[in-house]
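Q: The structure is given below, and queries will be raised subsequently.
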Amino acid sequence: MISRKMIGMTKNGSAIRAMFEEGKKMAEKFGAENVYDFSLGNPNIPAPEKVRQEIIDIARETDPMELHGYMSNAGYPQVRKAVAQSLNRRFGTSFSENNIIMTVGAAGGLNVILKTLLDPGDEVLVFSPYFLEYGNYVANFDGILKAVPALPEDGFQPSGKALSEAITPKTKALILNNPNNPTGVIYPEDKIRELADVLEEKQRELGTSIYIISDEPYRELAYDGAQVPYITKYYRNTIVGYSWSKSLSLPGERIGYLAIPDEADDSQLIIDAAVIANRILGFVNAPSLQQRLVAECLEEKTDVDAYDRNRKALYNGLTDCGFECVYPSGAFYLWVKAPDGDDGKFVTKAKEHNILFVGGASFACPGYVRIAYCVSNDMINRSMPAFKALAVEYGLNK
Ligand code: PLP
């Protein structure tokens, strides 16, 4: 028999992954061009040409024993140094290689830091809607995830007051995801200051350390010049988790890092423990070739303009149909209100028009759906008649 914990996790499964699999089956049945799959955050823009070239060059030019061998569990020192210097240049931080641990994507990094920080029963806060995998990651280490709703009437911006009310002596961390999956909202500087003030005050009051775990796979995907604040500047006890899955379109390659600043409480203890967590969770180290690759591609950028075109096409198209959408400032997701408030029904009805997107229940926020627009612009255009037909079914835009 499998463990009771895994029975629970298996039951909950992942609606997003299930939808992705269903999309592939539907494409076989109806023809790929007749299925509009907006389910998964799998970037459709190819990795920059330099990425491909560097993979070839590294494989050709590097001593294979060295390239494919084990290294420090934290990653290659020269790679961590290059990452630290790039962050210092861009965000005015003062990281050294000691502060950087290379990880198996953001998911790997989150598991490493949660294993490092959590005792059973410790609480981790997150603003909902949120990436539902956080619940599994926290449960992996017998922590308790507590959702603090970010409300539609606040434009899905988090509230300092609600955060303050949710904190208890057991609160170990707040996971902050900016730009946000699934809403596409960016938390601006004044919001970060508000949250940081609340956390500072609560730490003083309770005599505890409460860490922000800043989950930043979408950092570079910001539109109209929106700034994504670098959280360590506003709050000392911040640990940054980053990934190149979205920023360089490398989600299958599994590469990211944790940045743990010297200013954080128990910084060196956390760094040492996180390196061990990376090892004993079975990652051992981040993939060697991918480490070498990202160190050569720190200045490379994905085609944000292409996502921006998709963002506008989808937002304009859907609002013209009569759907109510949050205008996204970042990431590549459109957050849309279910016309009658029933997101499950909205997903089912959309499927009848060969449109696939994910219900808000998968983000702890029923009543909405998430439409991932990291797809071809052509598919967005082709999907519009189907969206129009769906809108008519709901009595919108008559
Ligand atoms: N965090 C958020 C908010 C995400 O949306 C994702 C992936 O979609 C991840 C973490 C995991 O990313 P990675 O592929 O780097 O593990």
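Q: I'm trying to understand the selection: among the residues of the range 256-308, which are within 20 Å of the chain's Cα centre (by Cα), acidic (D, E) and not in a helix (DSSP H, G or I)?
A: Hits for the range 256-308 are E300, D303.
Q: So, T116, is that one under 23 Å from K170 (Cα atoms) and away from the ligand (no atom under 16 Å from the Cβ) or not?
A: Here the answer is yes, as T116 does meet what is asked.
Q: Among the residues of the range 342-369, which ones are of a type in the set (A, V, I, L, M, F, W, C) and either within 13 Å of D37 (Cα to Cα) or within 21 Å of the chain's Cα centre (by Cα) (or both)?
A: Those that are of a type in the set (A, V, I, L, M, F, W, C) and either within 13 Å of D37 (Cα to Cα) or within 21 Å of the chain's Cα centre (by Cα) (or both): V347, A350, I355, L356, F357, V358, A361, F363, A364, C365, V369.
Q: Could you give me the residue pairs with C-beta distances under 9 Å whose first residue belongs to the range 14-34 and is surrounded by fewer than 11 Cβ atoms within 10 Å (Cβ to Cβ), whose second residue is not basic (K, R) and not in a helix (DSSP H, G or I) wherever it lies, and which are 6+ apart or on separate chains?
A: Hits for this filter: K29/V35.
Rundown of residues vs (1) crowded, with 21+ Cβ neighbours inside 10 Å; (2) part of a helix (DSSP H, G or I); (3) at pLDDT below 95; (4) not assigned by TED's automatic domain parsing to the domain that holds P158, yes/no style:
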{"site": "L195", "(1), (2), (3), (4)": "yes, yes, no, no"}
{"site": "E205", "(1), (2), (3), (4)": "no, yes, no, no"}
{"site": "S214", "(1), (2), (3), (4)": "yes, no, no, no"}
{"site": "T232", "(1), (2), (3), (4)": "yes, yes, no, no"}
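Q: Just need a number here: residues in the range 54-113 that are among the charged types (D, E, K, R) and under 18 Å from S245 (Cα atoms). Lay out the reasoning, then the answer.
A: Filtering the range 54-113 down to residues among the charged types (D, E, K, R) leaves 54, 57, 60-61, 63, 66, 80-81, 89-90, 97.
Next, from what is left, pick out any that are under 18 Å from S245 (Cα atoms): 54, 80.
Within the range 54-113, residues that are among the charged types (D, E, K, R) and under 18 Å from S245 (Cα atoms) number 2.
Q: Any chance the range 156-169 includes a residue that's more than 16 Å from the ligand (Cβ to nearest atom), in a helix (DSSP H, G or I) and among the basic types (K, R)?
A: Yes, because at least one residue in the range 156-169 is more than 16 Å from the ligand (Cβ to nearest atom), in a helix (DSSP H, G or I) and among the basic types (K, R).
Q: So, one more: So how many residues does the range 250-266 have that are without any contact (Cβ under 8 Å) to a residue 24 or more places away in the chain and closer than 18 Å to V112 by Cβ?
A: Residues flagged as without any contact (Cβ under 8 Å) to a residue 24 or more places away in the chain and closer than 18 Å to V112 by Cβ within the range 250-266 amount to 0.
Q: How many residues does the range 309-344 hold that are of a type outside the set (A, V, I, L, M, F, W, C) and part of a loop (DSSP other than H, G, I, E, B)?
A: So in the range 309-344, the residues of a type outside the set (A, V, I, L, M, F, W, C) come out as 309-312, 315-317, 319-320, 322, 324, 327-330, 333, 337, 339-344.
If we keep only those that are part of a loop (DSSP other than H, G, I, E, B) as well, we get 322, 324, 327-329, 339-342.
Total satisfying the criteria: 9.
Q: Which is in the same structural domain as Q85 (by TED's automatic domain parsing), assigned to a loop (DSSP other than H, G, I, E, B), under 17 Å from the mean Cα position of the chain (by Cα) and within 16 Å of the ligand (Cβ to nearest atom), of G184, G241?
A: Answer to the selection: G184.
Q: Can we say S3 is at negative phi, at pLDDT below 95, surrounded by fewer than 20 Cβ atoms within 10 Å (Cβ to Cβ) and polar (S, T, N, Q)?
A: Spelling it out, S3 is indeed at negative phi, at pLDDT below 95, surrounded by fewer than 20 Cβ atoms within 10 Å (Cβ to Cβ) and polar (S, T, N, Q).
Q: With the requirement that a residue be of a type in the set (A, V, I, L, M) and either within 14 Å of V240 (Cα to Cα) or not in a loop (DSSP other than H, G, I, E, B) (or both), what does the range 216-228 give you?
A: A222, V228
The values are calculated or read from the model by the stated rules, or taken from the named source; none is laboratory data. On a predicted model such as this, the values are computed, not experimentally measured, just so you know. A quick note on method: Cβ atoms are made from the backbone with ideal geometry, for glycine too, and the neighbour counts reach across all protein chains shown.
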